[in-house]
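To start, the structure under review is shown below, and the notes come after it.
The values are calculated or read from the model by the stated rules, or taken from the named source; none is laboratory data. Since we're looking at a predicted model, the values are computed, not measured. When the accessible area is computed, the model is the full protein with side chains, heavy atoms only, and any ligands, DNA or RNA have been set aside. Shrake-Rupley method; radii C 1.70, N 1.55, O 1.52, S 1.80 Å.
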Amino acid sequence: MNKNEFIDAVAAKAGLSKKDAKSAVDAVLETITEALVKKDSVAFVGFGTFSTAARAARSGIVPSTGKAINIPATTVAKFKVGKALKEAVAISK
């Protein structure tokens, strides 16, 4: 499912116009992004938690050349699945 299909599904479930659903989805994604930029976490009970983690600098190897490179430290986004979502996905097998 891509973003447009997701917006269509939200519009149908919430009884919103596609324009209003797009605004709502964009606002949710923007709010989550802003929170992560501030190093805050965003938790939806039962669904999951968005957070950030620091990844230390490390060395790596370029597979095509075998050359060693230094990979700088960075901050990455993480998502931890909530219990209800985990169970729903497991049941749908």
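Would you mind checking which residues have amide H under 5 Å from residue 48's amide H? H placed 1.01 Å from N; only 5 or more apart, or other chain.
Close amide H contacts, sequence-distant or interchain: 82.
Send over the Kirkwood Rh of the chain, from the inverse of the averaged 1/r over different Cα pairs, rounded to one decimal Å.
Working: mean 1/r = 0.0610 Å⁻¹.
That comes to 16.4 Å for the chain.
Mind checking the angle between helix 3-14 and the chain's longest principal axis? C-alpha axes, 0 to 90 degrees, to the nearest 10.
Value to nearest ten degrees: 30.
With axes computed from alpha carbons, what is the tilt in degrees of helix 18-37 against the longest principal axis of the chain, rounded to the nearest 10 within 0 to 90?
30 degrees
What is the percent carbon and sulfur in the accessible area of the chain, measuring with a 1.4 Å probe over the protein chains and ignoring ligands?
The value for the chain is 61 percent carbon and sulfur by accessible area.
Under a GNM of the chain (C-alpha, springs under 10 Å), which listed residue has the highest mean-square fluctuation: 49, 74, 65?
Looking only at 49, 74, 65, the biggest GNM fluctuation is shown by 65.
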